[in-house]
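Novice: If you scroll down you'll find the structure; I have some questions about it.
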């Protein structure tokens with residue numbers, strides 16, 4: 001019995017779970033950056049800079065997640081599981 005199909009299925013499920021987790025973290029961080037930008041908590045240059053940095057980090061994280069999808073597909077074609 002070959003354990004490779006079980007490993008491939010596990011990694012596929014793990015990949016889907018990680019994409020979902022990354023998207024959820026992106027949405028939460030964008031919401032937090034937006035809340036930090038609201039004038040309810042006081043308007044200061046420091047708070048605006050922190051909110052800009054948080055939003056930039058969230059966008060960079062989303063770009064990394066979105067680039068991981070085609071990279072994963074490319075690696076699957078380069079290293080096929082079935083000869």
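Novice: Between residue 12 and residue 43, what is the label-to-label distance in nm when each label sits 7 Å out along the Cα-to-Cβ direction?
Specialist: Going from the residue 12 label point to the residue 43 one covers 5.4 nm.
Novice: To the nearest whole percent, what portion of all C-alpha pairs in the chain is separated by more than 18 angstrom?
Specialist: In whole percent, the share of Cα-Cα pairs in the chain beyond 18 Å is 58.
Novice: If you average the sequence gap of Cα pairs under 8 Å that are 6 or more apart and divide by the length of the chain, what percent do you get for the contact order? Walk me through the intermediate numbers first.
Specialist: Details: 27 pairs, mean separation 26.4, N = 83.
Reported as a whole number, the value is 32 percent.
Novice: What is the extension gain from residue 59 to residue 78, computed as 0.36 nm multiplied by their sequence separation minus the C-alpha to C-alpha distance, in nm to one decimal?
Specialist: Extending this stretch completely gives an extra 4.0 nm.
Taken together, the values in this text are just the output of simple stated rules run on the coordinates, not laboratory data. The structure presented is a predicted model; accordingly, all values stated were derived computationally and were not measured. Neighbour counts run over all protein chains shown; Cβ positions are idealised from the backbone, glycine included.
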